[in-house]
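Colleague: Sharing a structure, written as structure tokens. Questions coming.
The values are calculated or read from the model by the stated rules, or taken from the named source; none is laboratory data. On a predicted model such as this, the values are computed, not experimentally measured, just so you know. Here the Cβ is made from the backbone with ideal geometry for all residues, glycine too, and neighbour counts use every protein chain on show.
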Amino acid sequence: MIGYGNQGRSQSLNLRDSGLQVTVGCREDEYAARAREDGFEVLAPVEAAAAGEVILILIPDEVQPGVFEASVAPGLVQGDALVFASGYNIAFDLVHPPSFVDILMVAPRMIGQAVRSCFLEGEGYPCFVACEQDASGHAWETALAVALAIGATRGGAVEATFLEEALIDLFAEQFLWAGIVRLFRTYYDVLTAAGCSPETVATDMYLSGEMVEIARAMRETGFFKQMELHSQTSQYGQLSRGDRVIGPQVRQVALEILDEIRSGKFAEEWTREQAEGKPHLARLKQGAFAHPLNRVEERLKRTAEGESP
Ligand code: NAI
């Protein structure tokens, strides 16, 4: 196991509970200390990768190309399998494994912490599985065995490709979530400018937790069918105004964003941004954290903790 963070820790514990022998490869940081506390043998990544037969690469996507070249590639031998939890680096040609290893993906559709809690509670969560290179002749068996041992087959191992996973993941982040966050910001800005108090708007928008319940109902009842849980006034409002909120030009933007991802343009931009020390990311985050909502949250938190507002 290369990496002991969000996914690495949960997957290591699940694999061990499934009867597999796991050695953790981690640089000497707080993650390595955690792995030792959890009872794993921790080696330098270069030693763990050389010792391993099925090597899971669970470090952030952006550091994988460097770590792979320096610490994983030197120890690979014929018959080894590399398992990624995301399609990014293979899809965009940023990591180049040799021709004699299996290149696999087992990508949980679940945050790291819940990969462990679902496993412990016997609940399922799905994953995407892919095989980019079958050098051993039994690569698919290895991928499915890893999916089984981390508890992901209980929710369904769905066959995909590295590119498909990368497209779905990045497009969700860059279109769906980018759009949702923007809509929420506009909702807040328009209502507070119209005289509604920031506290009432923020409470209605997300602090109440209603949004979480709606997401749960979408999953359990149905994406559209959950609408029956809302009043008829709400149903009419949602259905009659949606096309005006998201007009045809949004589809054009969606296609442009998807094209930037598929062509590798986004990956190039992000690689350059990292090489330059992430100045745009810092500026964008500074802008987000300067939004008045951050101050409303702090005020409400202080009030909830008993201080005067
Ligand atoms: P993470 O950020 O939690 O990884 C931390 C680990 O990476 C630690 O062991 C740390 O020592 C190591 N690390 C960080 N920088 C390093 C460097 N420069 N050199 C060497 N080691 C370094 O990563 P996370 O979020 O678990 O992601 C791992 C993989 O899982 C990625 O491919 C990600 O796309 C995928 N994934 C993550 C999900 C999540 O919920 N976070 C969900 C599904 C897939």
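Colleague: If I ask for residues that are away from the ligand (no atom under 11 Å from the Cβ) and closer than 25 Å to residue 78 by Cβ, which ones from the range 92-118 would you list?
Modeller: 93, 94, 96, 97, 98, 99, 100, 101, 102, 103, 104
Colleague: Could I ask something else about it? With respect to residue 141, is the statement that it is more than 21 Å from residue 170 (Cβ to Cβ), at pLDDT 95 or above and surrounded by fewer than 21 Cβ atoms within 10 Å (Cβ to Cβ) true?
Modeller: So residue 141 passes the test.
Colleague: Those residues that are surrounded by 13 or more Cβ atoms within 10 Å (Cβ to Cβ) and of a type in the set (A, V, I, L, M, F, W, C), I need them from the range 179-199; list them, please.
Modeller: Residues satisfying the conditions are 184, 191, 196.
Colleague: Among the numbered conditions (1) assigned to a loop (DSSP other than H, G, I, E, B); (2) in contact with a Ser or Thr (Cβ under 9 Å, 6 or more places away or on another chain), tell me where residue 113 comes up short.
Modeller: With (1) assigned to a loop (DSSP other than H, G, I, E, B); (2) in contact with a Ser or Thr (Cβ under 9 Å, 6 or more places away or on another chain) applied to residue 113, the lone miss is (1).
Colleague: Give the residues of the range 11-35 that are more than 18 Å from residue 82 (Cα to Cα), of a type in the set (Gly, Ala, Ser) and assigned to a helix (DSSP H, G or I), sorted by residue number.
Modeller: 32, 33, 35
Colleague: Looking only at residues that are part of a loop (DSSP other than H, G, I, E, B) and touching a strand residue (DSSP E or B) at 6+ places or on another chain (Cβ under 8 Å) in the range 36-59, which one is farthest from residue 6 (Cα to Cα)? Steps first, answer last, please.
Modeller: Restricting attention to the range 36-59, the residues satisfying the condition of being part of a loop (DSSP other than H, G, I, E, B) are 38-40, 44, 52-53, 58-59.
If we keep only those that are touching a strand residue (DSSP E or B) at 6+ places or on another chain (Cβ under 8 Å) as well, we get 40, 44, 52-53, 58-59.
Details: 40: 16, 44: 19, 52: 21, 53: 22, 58: 9, 59: 9 Å.
Going through the qualifying residues, I end up with 53.
Colleague: What tally of residues in the range 213-253 results from selecting those that are within 19 Å of residue 186 (Cα to Cα) and hydrophobic (A, V, I, L, M, F, W, C)?
Modeller: 4
Colleague: Quick one: is residue 99 modelled with pLDDT of 95 or more, under 23 Å from residue 161 (Cβ atoms) and more than 23 Å from the chain's Cα centre (by Cα)?
Modeller: So residue 99 fits the description; yes.
Colleague: Look through the range 13-58, keep the residues that are acidic (Asp, Glu) and under 16 Å from residue 115 (Cβ atoms), and return whichever of them is farthest from the ligand (Cβ to nearest atom). Talk me through it step by step, then tell me what you get.
Modeller: From the range 13-58, those acidic (Asp, Glu) are 17, 28-30, 37-38, 41, 47, 53; that's our starting set.
Within this subset, residues satisfying the condition of being under 16 Å from residue 115 (Cβ atoms) are 17, 38.
Numbers: 17: 18, 38: 12 Å.
Taking the candidates together, the pick is 17.
Colleague: Looking at (1) closer than 25 Å to residue 144 by Cβ; (2) assigned to a strand (DSSP E or B), can you tell me which one residue 95 breaks?
Modeller: The one condition residue 95 does not meet is (2).
Colleague: Anything in the range 256-294 that is of a type in the set (Lys, Arg), assigned to a helix (DSSP H, G or I) and without any contact (Cβ under 8 Å) to a residue 12 or more places away in the chain? List them, or say none. Even if it seems obvious, please write down each step before you answer.
Modeller: Applying the first criterion (of a type in the set (Lys, Arg)) to the range 256-294 yields 262, 265, 272, 278, 283, 285.
Narrowing the set further to residues that are assigned to a helix (DSSP H, G or I) leaves 262, 265, 272, 283, 285.
The answer is 265, 272, 283, 285.
Colleague: What are the pairs with Cβ atoms under 8 angstrom where one residue, in the range 19-40, is free of Cβ contacts under 8 Å to residues at least 24 places away in the same chain and the other, located anywhere, is surrounded by fewer than 18 Cβ atoms within 10 Å (Cβ to Cβ) and part of a loop (DSSP other than H, G, I, E, B)? Sequence gap at least six, or different chains.
Modeller: Within 8 Å, the pairs are 27/44.
Colleague: So, in the range 60-91, of the ones that are in a loop (DSSP other than H, G, I, E, B) and surrounded by fewer than 24 Cβ atoms within 10 Å (Cβ to Cβ), which residue ends up farthest from the ligand (Cβ to nearest atom)?
Modeller: So, considering only residues that are in a loop (DSSP other than H, G, I, E, B) and surrounded by fewer than 24 Cβ atoms within 10 Å (Cβ to Cβ), the one farthest from the ligand (Cβ to nearest atom) is 78.
Colleague: Between 147, 202, 166, 152, which is surrounded by 17 or more Cβ atoms within 10 Å (Cβ to Cβ), in contact (Cβ under 8 Å) with a residue 24 or more places away in the chain and in a loop (DSSP other than H, G, I, E, B)?
Modeller: Checking each option against the conditions leaves just 152.
Colleague: Pull out all pairs, ordered by first then second residue, where Cβ-Cβ is under 9 Å, the residues are six or more apart or on different chains, the first lies in the range 75-87 and is over 17 Å from residue 134 (Cβ atoms) and free of Cβ contacts under 8 Å to residues at least 60 places away in the same chain, and the second is in a helix (DSSP H, G or I) and of a type in the set (Val, Ile, Thr).
Modeller: Once the first residue is over 17 Å from residue 134 (Cβ atoms) and free of Cβ contacts under 8 Å to residues at least 60 places away in the same chain and sits in the range 75-87, its partners that are in a helix (DSSP H, G or I) and of a type in the set (Val, Ile, Thr) give 75/46.
Colleague: So which residues in the range 135-192 are polar (S, T, N, Q) and either touching a helix residue (DSSP H, G or I) at 6+ places or on another chain (Cβ under 9 Å) or under 21 Å from residue 113 (Cα atoms) (or both)? Don't jump to the end; show me each part of the working.
Modeller: Taking the range 135-192 as the starting set, the residues that turn out to be polar (S, T, N, Q) are 136, 142, 153, 161, 174, 186, 192.
Of everything in the range 135-192, those that are polar (S, T, N, Q) and either touching a helix residue (DSSP H, G or I) at 6+ places or on another chain (Cβ under 9 Å) or under 21 Å from residue 113 (Cα atoms) (or both) turn out to be 136, 153, 161, 174, 192.
Colleague: OK, next. Within the range 1-10, take every residue that is in contact with a helix residue (DSSP H, G or I) (Cβ under 7 Å, 6 or more places away or on another chain) and assigned to a helix (DSSP H, G or I) and give me the one that is surrounded by the fewest Cβ atoms within 10 Å (Cβ to Cβ).
Modeller: Per the criteria, the residue is 6.
Colleague: Is there a residue being of a type in the set (D, E, K, R) and under 18 Å from residue 166 (Cβ atoms) anywhere in the range 58-72?
Modeller: Yes, the conditions are met somewhere in the range 58-72.
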